[in-house]
Amino acid sequence: MIGIFYFATVRPGHVWGDDFAMYIHHAQNIVEGRPYADTGYIYNPAVPVYGPKMYPPVFPLLLAPLYKIFGLNLVPMKLEQVVFFLLTLVAVYMFWQRELGSECTLAMLAILGFSPVFWTAKDMVLSDLPFLFFFYAAAVLVQRAPRQSPGWCRWAVLIGVVLYLAFGTRSAGISLLAGLPLYDVLKHRRITRLTIVALLVCTGLIALQRYFVGSGVGGYVGQQIRPTAQTVATVATNLLAYGRALASFWVAATRGVFSFFVLVGAAVLVAAGLYFRLKRDFRSTREISIVEAFLVPYLAVILLWPFAAGVRIVFPFVPWMAFLPLYGIRSLTTNLAPRYSSAAACGFLLMIGVPYAMAYRSTDFGPIRQDSGFAEFNQLCQAVLEDTRADDVLIYFRARALSLYTQRPASSYNYHGTQQELELYARKIRATHLVTTNAFNDDVGFLTRYVERNSSRFDLIYQNANFALYRIRPEMQAQATRPQK
């Protein structure tokens with residue numbers, strides 16, 4: 001049912017954020033035999049939050065066959081996202097079925113599968129859902145792998161490959177390499193040979209990735225996670241932001257009195273589940289699960305990340321968070337009213353279903369009128385193709401999308417900076433054109449105001465209702481080649 005619902009409601013177009021463009025451009029390079037990192041995107045170190053120089057290669061490799069067959073059609077890529085999400089649900093069921101029982105685990109899949117949060121995610125060509133699958137596939141393999149019986153080495157190699165796939169999909173997957181030995185130490189009081197072999201396989205594949213693709217992949221390392229005087233403030237800010245994001249999962253971002261009661265009820269049951277889990281773990285730390293061992297270092301990574309990345313960065317926590325209230329219900333009913341275990345789970349489903357239904361009632365199931373689904377943006381790209389040369393360099397807030405659809409080098413800019421900073425950066429990268437927009441108010445009008453204040457420096461060569469393309473006059477470009485005193 002979840003698969004039918006998702007496949008039937010895939011929406012053309014894409015949301016305005018252009019991370020997807022970088023992944024597709026990498027896939028395009030793989031198919032067409034160009035250097036992997038040759039996307040045309042010029043990294044601006046003044047705005048690291050916009051994105052790293054390049055992304056890890058696993059997700060682009062997964063997109064490459066679809067690009068080879070369908071070109072820049074996003075719909076097949078979104079269908080692939082649905083497949084990965086369904087595989088994630090299978091992995092989640094396999095992991096928790098023994099502990100929750102079939103009924104409660106199916107209830108858990110319903111909560112996850114019909115969540116508007118995940119339904120929305122399937123229309124984004126991003127690495128989030130593949131990473132979520134590899135995260136839980138690795139957990140299932142570790143949970144079921146034999147430590148002593150014959151065949152353990154094959155399991156270890158397979159675990160190492162899946163760990164690499166998680167890391168090669170998202171750099172934060174490096175946390176799984178810390179979670180596996182943590183799990184061994186807590187559960188087995190030593191690091192087992194299975195873990196050693198798995199880590200060796202994984203690190204070997206990471207070394208091959210660095211050799212063939214380069215070391216500039218991934219946002220976490222490239223954008224400098226390191227302790228600073230602001231670390232405490234960063235952790236506190238991220239903790240608050242991700243707490244709100246996870247809370248919004250239960251109420252599907254709806255607001256109202258009933259949503260408040262749903263949130264309170266879910267919080268109470270999550271707390272109950274966590275209480276019974278901790279009670280069991282304190283009795284014997286050998287009861288810790290590999291998912292919990294993976295989540296500890298993963299949490300450390302995302303809390304130290306200097307910019308809150310929204311709900312999609314905490315996707316690995318969501319299945320565990322859906323597990324906890326059902327575990328709490330099961331534990332409470334087992335102790336107090338065993339006959340009402342199924343009824344209690346059904347009541348919880350009905351409670352969660354109300355804000356879900358409210359969210360879908362107000363949802364637009366039609367095309368996404370943003371990015372490639374935005375007519376004015378497509379007109380802009382056509383104008384860039386017709387009015388610029390292949391080696392011209394453009395400045396635009398959504399540089400990666402512009403570069404993908406026009407094959408022109410492009411860079412973003414620091415709209416929190418000064419006019420002088422923008423001018424120096426434009427000269428440094430030898431920019432020839434810039435694009436202003438009033439769509440979505442990305443930069444609070446920074447670039448538009450800059451052009452209006454310095455109109456004598458630019459020539460307007462194309463304009464529509466939402467975008468304007470300007471040529472930087474030659475006398476301004478010439479300043480880039482003047483010797484500095």
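The values are calculated or read from the model by the stated rules, or taken from the named source; none is laboratory data. Please read all numbers here as calculations on a predicted model, not as lab measurements. Note that we place each Cβ from the backbone using ideal geometry, even for glycine, and neighbour counts take in every protein chain shown. Side chains included, ligands, DNA and RNA excluded: accessible areas come from the protein's heavy atoms. Shrake-Rupley method; radii C 1.70, N 1.55, O 1.52, S 1.80 Å.
Selection over the range 453-469 of residues that are at pLDDT 95 or above and open to solvent by 80 Å² or more (accessible area, probe 1.4 Å) gives a count of 2.
Looking across the range 434-452, the residues that are out of contact with any helix residue (DSSP H, G or I) (no Cβ under 9 Å at 6 or more places or on another chain) and either among the acidic types (Asp, Glu) or surrounded by 17 or more Cβ atoms within 10 Å (Cβ to Cβ) (or both) come down to ASP442, ASP443, GLU452.
Do you know which of the residues in the range 191-204 that are in contact with a Gly (Cβ under 9 Å, 6 or more places away or on another chain) and closer than 12 Å to ILE159 by Cβ is most open to solvent (accessible area, probe 1.4 Å)? Checking each candidate, the answer is LEU200. Scanning the range 363-391 for residues that are open to solvent by 60 Å² or more (accessible area, probe 1.4 Å) and closer than 22 Å to PHE7 by Cβ returns ASP364, PHE365, ARG369.
When ILE352 is tested against the conditions (1) open to solvent by less than 30 Å² (accessible area, probe 1.4 Å); (2) touching an Asp or Glu at 6+ places or on another chain (Cβ under 7 Å), the lone failure is (2).
Of all residues in the range 434-452, count the ones that are modelled with pLDDT of 85 or more, within 21 Å of GLN420 (Cα to Cα) and under 31 Å from the mean Cα position of the chain (by Cα).
Final tally of qualifying residues: 10.
Within the range 373-389, not a single residue is β-branched (Val, Ile, Thr) and under 28 Å from the mean Cα position of the chain (by Cα). Selection over the range 1-52 of residues that are part of a helix (DSSP H, G or I), within 18 Å of the chain's Cα centre (by Cα), farther than 20 Å from ILE69 by Cα and not hydrophobic (A, V, I, L, M, F, W, C) gives a count of 3.
Note on the range 102-140: among residues that are of a type in the set (S, T, N, Q) and part of a helix (DSSP H, G or I), the one that is modelled with the lowest pLDDT is SER102. Selection of the range 248-259 for residues being farther than 20 Å from LEU324 by Cβ and either part of a helix (DSSP H, G or I) or open to solvent by less than 30 Å² (accessible area, probe 1.4 Å) (or both) yields THR254, VAL257, PHE258. Restricting attention to the range 176-199, which residues are modelled with pLDDT of 95 or more and of a type in the set (S, T, N, Q)? Scanning the range 176-199 gives a single hit, THR195. On the stretch given as the range 167-217, residues that are of a type in the set (Val, Ile, Thr), closer than 21 Å to PRO60 by Cα and in a helix (DSSP H, G or I) total 4.
Here the range 260-272 is the region considered, the condition is being under 27 Å from the mean Cα position of the chain (by Cα) and open to solvent by less than 40 Å² (accessible area, probe 1.4 Å), and the residue that is farthest from LEU350 (Cα to Cα) is VAL270.
The single condition from (1) open to solvent by 60 Å² or more (accessible area, probe 1.4 Å); (2) under 26 Å from the mean Cα position of the chain (by Cα); (3) among the charged types (D, E, K, R) that ARG339 fails is (2).
Scanning the range 233-247 for residues that are among the polar types (S, T, N, Q) and either loosely packed, with under 15 Cβ neighbours inside 10 Å or in contact with a Leu (Cβ under 9 Å, 6 or more places away or on another chain) (or both) yields a total of 2. Residue count for the range 153-170 satisfying the condition of being surrounded by fewer than 20 Cβ atoms within 10 Å (Cβ to Cβ) and in contact (Cβ under 8 Å) with a residue 40 or more places away in the chain: 3.
For TYR413, all conditions in the list (1) open to solvent by 30 Å² or more (accessible area, probe 1.4 Å); (2) of a type in the set (Ser, Thr, Tyr); (3) in contact with an Asp or Glu (Cβ under 9 Å, 6 or more places away or on another chain) hold save one; what is the number of the exception? (1) is the only condition that TYR413 fails. Confirm whether VAL15 is surrounded by fewer than 16 Cβ atoms within 10 Å (Cβ to Cβ) and touching a residue at least 60 places away in the same chain (Cβ under 8 Å). For VAL15, the condition - surrounded by fewer than 16 Cβ atoms within 10 Å (Cβ to Cβ) and touching a residue at least 60 places away in the same chain (Cβ under 8 Å) - is not met.
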